[in-house]
Amino acid sequence: MTETNHEEFFNLSEEEAFAKSDLSDGVENKVILSEREILAKSDVSDEAKIEVHPLNEEILAKSDEEIVKMALANQGNFIFIIKRYKEKLFNYIRRITNMDDEDAEDILQEVFIKVYLNLNDFDTSLKFSSWIYRIAHNQVISQHRKLKARPEGTALKLDDGAVKTIAADLDIKKDVDLKILRENIFGTMEKLDSKYKEILILKFFEEKSYQEISDIIKKPMGTVASLLNRAKEKFGNEFSKQNIKM
């Protein structure tokens, strides 16, 4: 990536970032919000707030590796890494920390700044998704003391598909009403130690493979398997204590 001041880059309007990207030549720019504004001021999961230029879809259809190469060649293209990962990482941070939106966005912004500054050092033997999740994982750990002070029970969102998947994989009764099941899964997850909660989130919410989890938490795959089995056991024990009304 060409040398630049990272604060200068993240303070660019999206029009300016677009002008620095590979899409700018001869194309009318219709992107109206800066990524910094999206990360710092808005709910990053609300895609309706962003008017995206049609040609962005062509870039976003590329592989992570292709977009990383583009960003290394032209700093303006880093905007497409943000667009691809902002919602995924925002949800991941919220799920493992129970932070409110504003605090999660602050961590997310720090994650993207670190990704930007360290992109030249990306280990191409890893999946880029594992590498960027690892940075998010480390950033959350660095905020550990703050996280301990956060209220619990606000961030773990379960859609029906996730509830059914968890119920099947963790051998939970399938004849329980989905709403009740969701509430009890939520309550159980909040009682788990953070290391068990995170590995269950990575497996069942983020749908990461054993290899990807290994790369994210920097544990051997054998350790990941043992940790996941232990997490399932802990979950099962806690879940059985829930007063489930059929």
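Quick notes on this one:
- The set of residues in the range 195-246 being over 18 Å from Ala162 (Cα atoms), exposed (fewer than 15 other Cβ atoms within 10 Å of the Cβ) and of a type in the set (Ser, Thr, Tyr) consists of Tyr210, Thr223, Ser226, Ser240.
Matching residues to (1) modelled with pLDDT of 85 or more; (2) closer than 22 Å to Ile217 by Cα:
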| residue | (1), (2) |
| --- | --- |
| Leu119 | yes, yes |
| Phe122 | yes, yes |
| Ser125 | no, yes |
| Lys146 | no, yes |
| Glu152 | no, no |
| Lys174 | no, no |
| Lys179 | no, no |
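- From the list Leu108, Leu89, Leu126, Leu72, the lone residue that is outside the structural domain of Tyr196 (by TED's automatic domain parsing), farther than 30 Å from Glu190 by Cβ, of a type outside the set (Phe, Trp, Tyr) and assigned to a helix (DSSP H, G or I) is Leu72.
- Search result, residues across the range 85-121 that are surrounded by fewer than 18 Cβ atoms within 10 Å (Cβ to Cβ) and closer than 22 Å to Glu207 by Cα: Glu87, Lys88
The values are calculated or read from the model by the stated rules, or taken from the named source; none is laboratory data. This structure is a prediction, so every number in the text was calculated from the model and none was measured. Every residue, glycine as well, gets a Cβ built from its backbone with ideal geometry; the counts of neighbours run over all protein chains shown.
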